[in-house]
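Have a look at the structure below before the remarks.
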Amino acid sequence: MIQHPDKNCIDPIPVEVHDQPAYYAHVVEEADGNPWFHDINEYLAKGEYPKLANPTQKCTLRRLSNNFIHNRGILYIRTPDLGLLRCVDAKKASKLLEEIHVGTCGPHMNGFVLAKKILKAGYFWMTIETDCIQNVRKCHRC
């Protein structure tokens, strides 16, 4: 308890610390069950557009595919310095977030540093920074 300037006592606020988080932020999976890069992967591998794609979507897919490389069934994205980052789906992204943030690649860190560590490890997904920030906010130790 602490003394208030008016000589009134302020009751302490009870705080509970849990060993395990009550919930954990997972990367949201696509509604159709395919990874976010499925259409780009199919276009690069087979040269086929999605069935219901209109001309604008086809043009966008062609433009996006210029930054990606398909090699032996794995999709990579080119970085500005000509490096390659492996594209991962939501399940793999959640696992990477958990493993790297908890301490495999260092101590608990903020969202931007976590995103940079994942990129340095060679992995990529479209919402990497947003997912890292949400993951750190929901970490019970941070």
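Reported count of residues in the stretch 31-44, each being free of Cβ contacts under 8 Å to residues at least 24 places away in the same chain and surrounded by 10 or more Cβ atoms within 10 Å (Cβ to Cβ), is 5. If you check K138, K58 for being open to solvent by less than 90 Å² (accessible area, probe 1.4 Å), out of contact with any helix residue (DSSP H, G or I) (no Cβ under 6 Å at 6 or more places or on another chain) and in contact (Cβ under 8 Å) with a residue 40 or more places away in the chain, only one passes: K138. Can you name every residue in the stretch 109-132 that is surrounded by fewer than 18 Cβ atoms within 10 Å (Cβ to Cβ) and farther than 25 Å from F68 by Cβ? Result: N110, V113.
The set of residues in the stretch 45-55 being open to solvent by less than 70 Å² (accessible area, probe 1.4 Å), closer than 20 Å to I77 by Cβ and without any contact (Cβ under 8 Å) to a residue 24 or more places away in the chain consists of G47, P50. Checking G73, G47 one by one, the residue that is among the small types (G, A, S), modelled with pLDDT of 90 or more and on the phi > 0 side of the Ramachandran plot is G47 and no other.
Tell me, please, whether a residue that is in contact with a strand residue (DSSP E or B) (Cβ under 8 Å, 6 or more places away or on another chain) and open to solvent by less than 30 Å² (accessible area, probe 1.4 Å) can be found in the stretch 92-108. Yes, the stretch 92-108 contains a residue that is in contact with a strand residue (DSSP E or B) (Cβ under 8 Å, 6 or more places away or on another chain) and open to solvent by less than 30 Å² (accessible area, probe 1.4 Å). Under the condition of being over 21 Å from E29 (Cβ atoms) and of a type in the set (G, A, S), the residues counted in the stretch 82-140 number 5.
If you check L44, L52 for being part of a loop (DSSP other than H, G, I, E, B), out of contact with any Gly (no Cβ under 9 Å at 6 or more places or on another chain) and farther than 30 Å from C139 by Cβ, only one passes: L52.
The values are calculated or read from the model by the stated rules, or taken from the named source; none is laboratory data. Since the structure is predicted, the reported quantities are computational estimates derived from the model, not experimental observations. Ideal geometry is used to build each Cβ from the backbone, glycine not excepted, and the neighbour counts take in all protein chains shown. Just so you know, the surface numbers come from the protein's heavy atoms only, side chains and all, with ligands and any DNA or RNA stripped out. Shrake-Rupley method; radii C 1.70, N 1.55, O 1.52, S 1.80 Å.
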